[in-house]
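Notes for the one structure printed next.
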Amino acid sequence: MDIGLVFDEMFSDYSEKMERMVPHYRALIERMVSHLPHSSQVRNVLELGAGNGNVSALAVAKYRNAYFQLVDASEKMIESLQTTFADQMNIVYDLCLIQDCDFPEHSFDLIIACFSLHHLPGSDKESTFKSIYKWLRPSGQFTYADLFIDKESEEHRIFLEGWKAFVVKEDHNDWEWLMDHYAKFDFPNAEKDQIEWLRKAGFQNLSIKKFDQYWVHLIAQK
Ligand SMILES: C[S@@+](CC[C@H](N)C(=O)[O-])C[C@H]1O[C@@H](n2cnc3c(N)ncnc32)[C@H](O)[C@@H]1O
């Protein structure tokens with residue numbers, strides 16, 4: 001199934017699902033937003049996999065004079081962004097895959113991705129990091145929050161036990177649904193691989209904050 005259709009189906013209770021199933025979801029968003037560059041440095045923002053706008057709303061409020069480009073593969077998510085930001089003239093919406101995006105070099109001061117890049121297989125992540133580097137202006141910032149772990153690693157089994165304990169506190173059915181979704185649509189990669197790909201793309205001054213080791217907020221400077 002197309003990833004956009006997967007999120008069309010999740011759309012109605014998306015935020016509640018994220019809070020119940022993703023440890024530190026709100027804390028990662030808050031940390032990401034609190035570490036965004038000063039508004040005087042940001043005129044053009046790209047968000048990859050904006051979803052229903054939980055992060056976009058905070059960024060739009062911070063950068064009132066900036067121009068935004070919000071990308072998502074789900075028609076329902078894009079429609080909800082258009083409704084949420086109906087009175088904002090400074091936002092452009094792109095219904096497309098991140099892998100198919102193409103922007104001119106140096107288009108953005110800031111590029112954000114929150115819990116979207118784990119849907120890309122490793123090779124697509126690596127090429128997306130190169131594109132993000134190209135799209136950023138010199139000294140621009142790339143900031144993202146996501147799950148960083150290799151599904152094939154030994155630590156993955158122990159990680160799943162901890163994740164399950166978090167999820168089943170609320171509802172056992174959630175865990176079954178989540179593991180089916182995780183098997184089909186989620187392709188997280190280890191921190192060391194992502195760091196290598198970011199460095200190869202040209203990024204420097206990487207700053208990493210981890211929550212429970214695998215839930216990560218990362219900032220990379222061009
Ligand atoms: C888990 S949600 C995260 C949404 C939002 N950033 C947040 O933090 O709440 C992932 C979002 O990324 C979008 N997405 C996943 N893979 C994508 C891809 N390859 N290209 C474009 N959008 C994608 C989905 O449609 C969904 O809206």
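What follows draws every value from the coordinates through simple rules; no lab data is involved. Not measured: the values here are computed from a predicted model. When we count neighbours, we look across all protein chains shown, and the Cβ atoms used for this are built from the backbone with ideal geometry, even at glycine.
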Task: Expected-Rg normalisation [2.2 N^0.38 Å, Cα atoms] applied to the chain - done: 0.97
- [ ] Specify the angular offset, from 0 to 90 degrees and rounded to the nearest 10, of the alpha carbon long axis of helix 25-34 from the longest principal axis of the alpha carbons in the chain.
- [x] 20
Task: Folded to 0 to 90 degrees: helix 191-201 orientation relative to the chain principal axis, Cα - done: 20
Open item on the list: To make sure I understand, if each residue's beta carbon is the centre and we count other beta carbons within 10 Å, what order do I98, I3, I111 fall in, fewest to most?
Closed with: I3, I98, I111
Task: Under 18 Å from K76, Cα to Cα: aspartates and glutamates that are on another chain or at least 8 residues apart - done: D2, D8, E9, D13, E16, E47, D94
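So if I place +1 on the C-beta of Lys and Arg and -1 on the C-beta of Asp and Glu, and nothing else carries charge, what would the dipole magnitude of region 3-221 be about its Cα centre? I want it in debye, nearest 20.
Values: 22 positive and 34 negative charges, 205 e Å.
Roughly 980 debye, rounded to the nearest 20.
Report for region 3-221 the percent antiparallel among DSSP-assigned beta bridges with both residues inside it, nearest 5. Intermediate values should be presented prior to the final figure.
Working: 13 of 32 bridges.
Bridges in region 3-221 that DSSP calls antiparallel: roughly 40 percent.
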TODO: Once you have the Cα-Cα distance between R157 and M179, take 0.36 nm times their residue separation minus that, and quote the gain in nm to one decimal.
DONE: 6.7 nm
Open item on the list: Quick check: residue separation of S139 and D13 times 0.36 nm, minus the Cα distance between them. What number comes out in nm?
Closed with: 41.6 nm
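Could you grab the relative contact order for region 1-106? Cα pairs under 8 Å, six or more apart, rounded to a whole percent.
Working: 119 pairs, mean separation 29.4, N = 106.
Result for region 1-106 is 28 percent.
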TODO: Within 10 Å, count the other beta carbons around each residue, average over each peptide in 202-209, 120-127, 144-151, and list them highest first.
DONE: 144-151, 120-127, 202-209
Open item on the list: Rounded to the nearest 20 debye, what is the charge dipole size of region 78-195 about its Cα centre when +1 sits on each Lys and Arg Cβ and -1 on each Asp and Glu Cβ?
Closed with: 300
Open item on the list: Using a 7 Å offset from the Cα along the Cα-to-Cβ direction at both F166 and H106, what is the distance between the two label points in nm, to one decimal?
Closed with: 4.1
TODO: Taking a cut-off of 27 Å between Cα atoms, list the lysines near K209, but don't count ones fewer than 8 places away on the same chain.
DONE: K17, K62, K125, K130, K134, K151, K164, K169, K192, K200, K222
Task: Crossing angle, helix 75-84 versus the chain [Cα axis fit, 0-90 degrees, rounded to tens] - done: 60
